[in-house]
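Here is the structure we will look at, set down as structure tokens.
Quick note: the coordinates plus some simple rules give every number you see, no bench work behind them. Owing to the predicted nature of the structure, the values given are computational and were not obtained by experimental measurement. Every residue, glycine as well, gets a Cβ built from its backbone with ideal geometry; the counts of neighbours run over all protein chains shown.
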Amino acid sequence: MNIIKTASITELRGKLAETIDSLAEEDAVMVVRHSKPAAYLVSPEFFETLVEVTEDFEDIQDMAAAIRDYRQGKAVDAEEVLGRLGL
């Protein structure tokens, strides 16, 4: 991730287009209000990567839960699952 630029809301009012254009070089711009983070503007590429990583992490968590259930004897036999699905 590239260095995050900061901009105040006041700065954004006059330079929104320039700030958005800067996302081509920086992944994110932290928008501050009263010297505190209020929001982030992120590049489309950074957002898409963030969504993909989040989805991958959720899949890993689901897999870990399934393995934990299996080890605790809570697993359901594949034939039973297929039967429930009418297959």
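Restricting attention to region 35-75, which residues are in a helix (DSSP H, G or I) and among the charged types (D, E, K, R)?
Glu45, Glu48, Glu52, Glu55, Asp56, Glu58, Asp59, Asp62, Arg68, Asp69, Arg71
Within region 9-55, track down each residue that is aliphatic (A, V, I, L, M) and touching a Phe, Trp or Tyr at 6+ places or on another chain (Cβ under 9 Å).
Leu23, Ala28, Val29, Met30, Val31
Among the numbered criteria (1) within 13 Å of the chain's Cα centre (by Cα); (2) surrounded by 10 or more Cβ atoms within 10 Å (Cβ to Cβ), which single criterion is violated by Met30?
(1)
In contact (Cβ under 8 Å) with a residue 40 or more places away in the chain and either of a type in the set (D, E, K, R) or closer than 30 Å to Ile4 by Cα (or both): does that describe Phe46?
yes
Return yes or no: is Tyr40 on the phi < 0 side of the Ramachandran plot, aromatic (Phe, Trp, Tyr) and within 14 Å of the chain's Cα centre (by Cα)?
yes
Glu26 - would you say it is out of contact with any His (no Cβ under 6 Å at 6 or more places or on another chain) and assigned to a helix (DSSP H, G or I)?
Taking the combined requirement at face value, the residue does not satisfy it.
How about region 35-87: which of its residues are of a type outside the set (Val, Ile, Thr) and in contact with a strand residue (DSSP E or B) (Cβ under 9 Å, 6 or more places away or on another chain)?
Ser35, Pro37, Ala38, Ala39, Tyr40, Leu41, Ser43, Phe46, Leu50
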